[in-house]
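A quick write-up on the structure given underneath.
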Amino acid sequence: MNLSPKTWQPWQWFGVGALTGITALSLLGLVLTPTYLLSHNSPAPGEEAFGRAMVSTSAWLHSKDVTNPSPDDLASEARGATVFRFCGGCHGPLGNGRGTLSLGLFPRPSDLTDKRTQGKSDGELFWIVKNGLTFTGMVGYGKTQSDADIWAVVNYMRALQEGRALVFSPPPPAAGGTDNRNVTVIPLTISDDSVTPTTLEASEGLTQLGLTNRGTQLHQLTISLEGKVPYDAGSLYPTQTVRIEAELKSGVYTIAVDSKASPPGPVATIVIK
């Protein structure tokens, strides 16, 4: 059989050309595809739906026999509110996916309060938080947090979804340096043995707390409202001021200083009418 190119039939030339073209396109794809995946910051058609389907399928397969050991546990929810600090940078204090780091991430962090997340089982949420999601900003916390703490975060996510969590967030930067919003500003001064003022009143609406530590020690602040998971305001260093705000409804809000110390520190109350 003579296989010299000089004697090839047209279909043979076509086959070689097609094979060469496919090989060249494949090699080009091997170069361009990773470049695209590493640099694109908007979803291609169908990419979001495909990604959600893969996450849901994988989470279900790995967690179908996993059950929550402490559902509806108030202590676990309160612990989850503290651990959730690791999540708030991306998912936001409200869990709505609008954290300070979210604008620089693709895909964007999930809204933990939307129906898709609510529809996942506790086991699925636990598996995702523990193992993370490849090619996203969602890291796995299994190597840095205990299973009990991860379950606590799952329980706190449920509290966020059900509106049972008391949540404050830093105020947004004022446009032009002036805050034109209708916000009630309440300054509170913390010393080593008191909170000033001890009791005050305000109307319902957007309320900003200015918490200033004038004492000589580090103080831990907790804000609570009956029926809500307390808000852990974190540690306040001497001379430090922290501003946080929330849309407050009527009720008696308690600000406790060093509540877990022995003896506990001072307490102040804010009555919202």
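Every residue, every condition in (1) at pLDDT 70 or above; (2) within 38 Å of the chain's Cα centre (by Cα); (3) open to solvent by 100 Å² or more (accessible area, probe 1.4 Å), yes or no:
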| residue | (1), (2), (3) |
| --- | --- |
| Trp8 | no, no, no |
| Ala18 | yes, no, no |
| Leu32 | no, yes, no |
| Glu47 | no, yes, no |
| Ala81 | yes, yes, no |
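Regarding Arg52, is this residue under 18 Å from Ser146 (Cα atoms), surrounded by fewer than 16 Cβ atoms within 10 Å (Cβ to Cβ), at pLDDT below 90 and out of contact with any strand residue (DSSP E or B) (no Cβ under 7 Å at 6 or more places or on another chain)?
no
Anything in the range 238-261 that is among the hydroxyl-bearing types (Ser, Thr, Tyr) and in a strand (DSSP E or B)? List them, or say none.
Selection gives Thr241, Tyr253, Thr254.
Name the residue, out of Val139, Val185, that is of a type in the set (Val, Ile, Thr) and over 25 Å from His62 (Cβ atoms).
Within the list Val139, Val185, the selection yields Val185.
Within the range 89-123, take every residue that is in a loop (DSSP other than H, G, I, E, B) and charged (D, E, K, R) and give me the one that is surrounded by the fewest Cβ atoms within 10 Å (Cβ to Cβ).
Asp114
I need the strands (runs of 3 or more DSSP E) fully contained in the range 193-233, keeping only those with at least 1 residues that are farther than 15 Å from Ile270 by Cα, within 26 Å of the chain's Cα centre (by Cα) and modelled with pLDDT of 95 or more.
Once the strands (runs of 3 or more DSSP E) in the range 193-233 are filtered for at least 1 residues that are farther than 15 Å from Ile270 by Cα, within 26 Å of the chain's Cα centre (by Cα) and modelled with pLDDT of 95 or more, what remains is 219-224.
Is it the case that Gln208 is more than 30 Å from Pro69 (Cα to Cα), open to solvent by 80 Å² or more (accessible area, probe 1.4 Å) and touching a residue at least 12 places away in the same chain (Cβ under 8 Å)?
No: the conditions fail for Gln208.
Any idea which of Val242, Val271, Val252, Val185 is open to solvent by 30 Å² or more (accessible area, probe 1.4 Å), within 22 Å of Glu77 (Cβ to Cβ) and of a type in the set (A, V, I, L, M)?
Val252
The values are calculated or read from the model by the stated rules, or taken from the named source; none is laboratory data. Quick caveat, the model's predicted, so the values are computed rather than measured. Note that each Cβ is placed from the backbone with ideal geometry, even for glycine, and that neighbours are counted across all protein chains shown. With ligands, DNA and RNA removed, areas are computed over all heavy atoms of the protein, side chains included. Shrake-Rupley method; radii C 1.70, N 1.55, O 1.52, S 1.80 Å.
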